Amino acid sequence: MIIEPRMRGFICLTAHPNGCAQNIKNQIQYVKSKGAINGAKKVLVIGASTGFGMASRISSAFGCGASTIGVYFEKPASEGKTASPGWYNTAAFEKEAHAAGLYAKSINGDAFSNEIKQKVVDLIKADLGQIDLIIYSLASPVRTNPVTGITHRSVLKPIGSKFTNKTVDFHAGKVSDISIDPCNEEDIANTVAVMGGDDWEMWMDLLKKENLLAPKATTVAYSYIGPSLTEAVYRKGTIGRAKDHLEKTAFTISDKLKDLGGKAYVSVNKALVTQASSAIPVIPLYISLLYKIMKRDGTHEGCIEQIQRLYSQRLYTGGAVPTDTEGRIRIDDWELNPKVQEEVLNLWDIATTENLLEISDLEGYRSDFYNLFGFKIGGVDYTVDSNEMVDVPGLV
């Protein structure tokens, strides 16, 4: 079938298998070009199929030469209907990993559930014995707590007062004002239940209980802080409360890993185009302006560049892992450079529909968005028939 992008709001309803495959190959080539990393050799990535999670799996496998298990929740194709992009990403990654002689298997299902956790435990026991790096990179808006059975839904809302600021419809390029009403206490509790550290801690407790953590095992969860522009709706809003909880959980997990010599970290990453960030008001406009400046300065990074730098310049330098005063790894340092943020603020003040293409990298934002679904990738012929029915070779 000829596969074209079909949009509904900030979501693309189709994905291109060949485009996704080429995107993965490009990321693998980047990691290989940067040289070998003396890092983890047996890696579990929870939330492994897109964005920072997939970049972590690629960096582990093709940077460190690691065996990897990926956990994700993706939709396979049916006749005439494409799979989700994460399905095609994983299929491409595992094909390349197997060709390189690397162990790579996957489990598809709800990572919040006890059933999937147990399936992962059984696979580690059967194939790898113990794990030395666990990446936690889930980005789901809904979680059913396996203990209580309660389903929680996260919300993106400010705390205390209404938030009003600029945003952009990145498809149309229209700048407008948006207002978001403040949350209530239940909203905060639900968002923390979904996006906080509770599930991360459950995973680590289970892996330790089953003796699946290697000596000096490390676990890393991903977070974001961002600039003053977005803090009312993000870092000081409901999501920020969840991120605060995630970061506190790192200390709790580290205490539990002391007897193994292990450690838990939160890595604060750069603002990037993801399916999740595209849905957050204000963020697409901010990223479009940020990209313009960072690309000009030669400091722009995508997911794969960020995670390769996390591995090679933070986690596996041979010395102590550098952290801020809150114990967090910071690879958002180039984004939050004061000079960069001053320029973003100046552009933000003058941004309009009429001048946006001139003062921002809106086209770069759009391109990155399409790339998430395998579209607009260089070297791919989108005019030819593509087979939507793609298997994941290591699916358990």
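Quick notes
- Subset of region 1-28 (residues that are at pLDDT 95 or above, among the small types (Gly, Ala, Ser) and either in a loop (DSSP other than H, G, I, E, B) or touching a strand residue (DSSP E or B) at 6+ places or on another chain (Cβ under 6 Å) (or both)): 15
- Selected residue (criterion: farthest from residue 374 (Cα to Cα)) from residues of region 40-71 that are β-branched (Val, Ile, Thr) and touching a Gly at 6+ places or on another chain (Cβ under 6 Å): 45
- Among the residues here, residue 101 does not qualify as at positive phi and touching a residue at least 24 places away in the same chain (Cβ under 8 Å).
- Boolean, residue 319 is modelled with pLDDT under 95 and surrounded by fewer than 18 Cβ atoms within 10 Å (Cβ to Cβ): yes
- Filter result (modelled with pLDDT under 95, surrounded by fewer than 19 Cβ atoms within 10 Å (Cβ to Cβ), of a type in the set (A, V, I, L, M, F, W, C) and outside any strand (DSSP E or B)) within region 160-214: 172
- Qualifying residue in region 113-136 (condition: of a type in the set (Phe, Trp, Tyr) and over 27 Å from residue 316 (Cα atoms)): no
- The residue that is nearest to residue 206 (Cα to Cα), among those in region 133-159 that are exposed (fewer than 14 other Cβ atoms within 10 Å of the Cβ) and of a type outside the set (Ser, Thr, Tyr), is 147.
A quick yes/no check of all residues on (1) of a type in the set (S, T, N, Q); (2) more than 30 Å from residue 69 (Cα to Cα):
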residue	(1), (2)
305	no, no
322	no, no
331	no, no
343	no, yes
359	no, yes
363	no, yes
371	yes, no
376	no, no
391	no, no
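- Considering (1) closer than 20 Å to residue 351 by Cβ; (2) over 18 Å from the mean Cα position of the chain (by Cα), the lone condition that residue 287 does not fulfil carries the number (2).
- Inter-residue pairs, beta-carbon under 6 Å, first more than 15 Å from residue 226 (Cβ to Cβ) and touching a residue at least 40 places away in the same chain (Cβ under 8 Å) and in region 274-302, second of a type in the set (Asp, Glu) and crowded, with 21+ Cβ neighbours inside 10 Å, 6+ apart: 292/361
- Among residues of region 89-127, those that are over 26 Å from residue 371 (Cβ atoms) and part of a helix (DSSP H, G or I), counted: 14
- The set of residues from region 281-302 being charged (D, E, K, R) and in a helix (DSSP H, G or I) comprises 292, 295, 296, 297.
- Residues in region 356-389 that are surrounded by fewer than 16 Cβ atoms within 10 Å (Cβ to Cβ), out of contact with any strand residue (DSSP E or B) (no Cβ under 9 Å at 6 or more places or on another chain) and part of a loop (DSSP other than H, G, I, E, B): 378, 379, 381, 383, 384, 385, 387.
- Residue within region 95-102 that is under 17 Å from the mean Cα position of the chain (by Cα) and within 17 Å of residue 377 (Cβ to Cβ) present: no
- Filter pass, residue 299 being among the β-branched types (Val, Ile, Thr), at pLDDT 95 or above and surrounded by fewer than 22 Cβ atoms within 10 Å (Cβ to Cβ): yes
- Test: residue in region 57-69 that is surrounded by fewer than 24 Cβ atoms within 10 Å (Cβ to Cβ), assigned to a helix (DSSP H, G or I) and of a type in the set (Lys, Arg): no
- Residues of region 205-225 satisfying the condition of being in contact with a Lys or Arg (Cβ under 6 Å, 6 or more places away or on another chain) and within 20 Å of residue 277 (Cα to Cα): 223, 225
- Residue 239 vs. criteria buried (at least 22 other Cβ atoms within 10 Å of the Cβ) and either in contact with a Lys or Arg (Cβ under 8 Å, 6 or more places away or on another chain) or in a helix (DSSP H, G or I) (or both): yes
- Test for residue 31: is it within 19 Å of the chain's Cα centre (by Cα) and not in a helix (DSSP H, G or I): no
- Some residue of region 260-267 being surrounded by fewer than 18 Cβ atoms within 10 Å (Cβ to Cβ) and without any contact (Cβ under 8 Å) to a residue 40 or more places away in the chain: no
- Restricting region 104-132 to residues that are touching a strand residue (DSSP E or B) at 6+ places or on another chain (Cβ under 6 Å) and surrounded by fewer than 17 Cβ atoms within 10 Å (Cβ to Cβ), the residue that is nearest to residue 304 (Cα to Cα): 130
The values are calculated or read from the model by the stated rules, or taken from the named source; none is laboratory data. Owing to the predicted nature of the structure, the values given are computational and were not obtained by experimental measurement. No Cβ is skipped: glycine too gets one built from the backbone with ideal geometry, and neighbour counts run over all protein chains shown.
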